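Written out below as C-alpha coordinates is the structure these notes cover.
The values are calculated or read from the model by the stated rules, or taken from the named source; none is laboratory data. All of these numbers come straight from a predicted model, not from anything done at the bench. With ideal geometry, Cβ positions are generated from the backbone for all residues, glycine too; neighbour counts draw on all protein chains shown.
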Amino acid sequence: MTDYPIEFEQTAKGGRYFVRMPGEEDSRLTFVRVSETHWIADHTFVPVPWRGEGIAERLVERLVADARTAGAMITPTCWFVADELKRMSPAWDDVWMQ
(Lines give C-alpha, C1' and ligand atoms only; values in the text may rest on other atoms or scores of the structure.)
Protein backbone atom coordinates (compact mmCIF):
# COMPACT_ATOMS: atom_id res chain seq x y z
CA MET A 1 0.00 0.00 0.00
CA THR A 2 1.28 3.44 -0.90
CA ASP A 3 1.48 6.25 1.60
CA TYR A 4 1.25 9.23 -0.75
CA PRO A 5 -0.70 12.13 0.79
CA ILE A 6 -4.27 12.82 -0.21
CA GLU A 7 -4.82 16.40 -1.31
CA PHE A 8 -8.12 18.24 -1.66
CA GLU A 9 -9.20 20.88 -4.14
CA GLN A 10 -12.53 22.65 -3.97
CA THR A 11 -14.19 23.17 -7.34
CA ALA A 12 -17.06 25.40 -8.41
CA LYS A 13 -19.54 22.51 -8.05
CA GLY A 14 -17.92 20.35 -5.38
CA GLY A 15 -14.43 19.05 -4.98
CA ARG A 16 -11.83 16.45 -5.74
CA TYR A 17 -9.52 14.38 -3.63
CA PHE A 18 -6.32 13.42 -5.40
CA VAL A 19 -2.99 11.72 -4.98
CA ARG A 20 -0.07 12.81 -7.14
CA MET A 21 1.32 9.65 -8.71
CA PRO A 22 4.99 9.60 -9.76
CA GLY A 23 5.19 9.73 -13.52
CA GLU A 24 1.45 9.16 -13.93
CA GLU A 25 -1.84 10.96 -14.06
CA ASP A 26 -3.24 11.81 -10.59
CA SER A 27 -5.44 9.30 -8.78
CA ARG A 28 -8.70 11.06 -7.94
CA LEU A 29 -12.20 10.96 -6.53
CA THR A 30 -14.60 13.73 -7.50
CA PHE A 31 -17.90 14.80 -6.01
CA VAL A 32 -20.63 17.36 -6.62
CA ARG A 33 -22.30 19.29 -3.81
CA VAL A 34 -26.05 19.20 -4.34
CA SER A 35 -26.27 21.12 -1.07
CA GLU A 36 -24.08 21.51 2.01
CA THR A 37 -25.55 18.29 3.38
CA HIS A 38 -25.84 16.21 0.19
CA TRP A 39 -22.85 15.20 -1.92
CA ILE A 40 -22.78 13.03 -5.04
CA ALA A 41 -19.58 10.98 -5.46
CA ASP A 42 -19.41 10.67 -9.23
CA HIS A 43 -15.96 9.48 -10.29
CA THR A 44 -12.93 7.57 -9.03
CA PHE A 45 -9.77 6.91 -11.03
CA VAL A 46 -6.40 5.29 -10.28
CA PRO A 47 -3.80 4.81 -13.05
CA VAL A 48 -3.42 1.15 -14.05
CA PRO A 49 0.11 0.65 -12.60
CA TRP A 50 -1.15 1.79 -9.17
CA ARG A 51 -4.38 -0.21 -8.96
CA GLY A 52 -4.59 -2.69 -6.12
CA GLU A 53 -2.46 -0.51 -3.83
CA GLY A 54 -5.37 0.74 -1.70
CA ILE A 55 -5.33 4.27 -3.12
CA ALA A 56 -8.98 4.37 -4.20
CA GLU A 57 -10.04 2.96 -0.83
CA ARG A 58 -8.11 5.72 0.96
CA LEU A 59 -9.80 8.36 -1.22
CA VAL A 60 -13.24 7.01 -0.25
CA GLU A 61 -12.22 6.91 3.43
CA ARG A 62 -11.27 10.59 3.21
CA LEU A 63 -14.57 11.45 1.51
CA VAL A 64 -16.49 9.65 4.26
CA ALA A 65 -14.49 11.35 7.03
CA ASP A 66 -15.05 14.79 5.50
CA ALA A 67 -18.77 14.10 4.97
CA ARG A 68 -19.09 13.16 8.64
CA THR A 69 -17.34 16.36 9.70
CA ALA A 70 -19.63 18.41 7.44
CA GLY A 71 -22.78 16.54 8.47
CA ALA A 72 -23.30 15.55 4.82
CA MET A 73 -24.77 12.45 3.20
CA ILE A 74 -23.21 10.81 0.14
CA THR A 75 -25.05 9.48 -2.90
CA PRO A 76 -22.67 7.35 -4.96
CA THR A 77 -23.08 7.38 -8.73
CA CYS A 78 -19.55 6.00 -9.07
CA TRP A 79 -19.62 2.18 -8.91
CA PHE A 80 -16.44 2.02 -6.82
CA VAL A 81 -17.73 4.38 -4.12
CA ALA A 82 -21.04 2.49 -4.06
CA ASP A 83 -19.20 -0.82 -3.63
CA GLU A 84 -17.08 0.59 -0.79
CA LEU A 85 -20.12 1.98 1.02
CA LYS A 86 -21.80 -1.42 0.73
CA ARG A 87 -18.66 -3.23 1.86
CA MET A 88 -18.30 -0.98 4.91
CA SER A 89 -21.98 -1.12 5.88
CA PRO A 90 -23.18 -0.64 8.58
CA ALA A 91 -20.13 1.36 9.76
CA TRP A 92 -20.59 3.99 7.05
CA ASP A 93 -24.40 3.98 6.88
CA ASP A 94 -24.49 7.32 8.75
CA VAL A 95 -23.18 9.10 5.61
CA TRP A 96 -24.66 6.85 2.91
CA MET A 97 -27.85 8.20 1.34
CA GLN A 98 -29.49 4.96 0.22
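Does E53 count as more than 20 Å from Q98 (Cα to Cα) and not small (G, A, S)?
It is true that E53 is more than 20 Å from Q98 (Cα to Cα) and not small (G, A, S).
Would you mention how many residues in the stretch 34-50 are within 16 Å of Q98 (Cβ to Cβ) and of a type in the set (A, V, I, L, M)? Please lay out each step first, then the result.
Going residue by residue through the stretch 34-50, those that are within 16 Å of Q98 (Cβ to Cβ) are 34, 37-41.
Those still in the list that are of a type in the set (A, V, I, L, M) too: 34, 40-41.
Total satisfying the criteria: 3.
Quick check, is M21 assigned to a loop (DSSP other than H, G, I, E, B) and either at pLDDT 95 or above or surrounded by fewer than 12 Cβ atoms within 10 Å (Cβ to Cβ) (or both)?
no
Being surrounded by fewer than 18 Cβ atoms within 10 Å (Cβ to Cβ) and hydroxyl-bearing (S, T, Y) is the filter; apply it to the stretch 51-78 and report the residue that is nearest to the chain's Cα centre (by Cα).
T77
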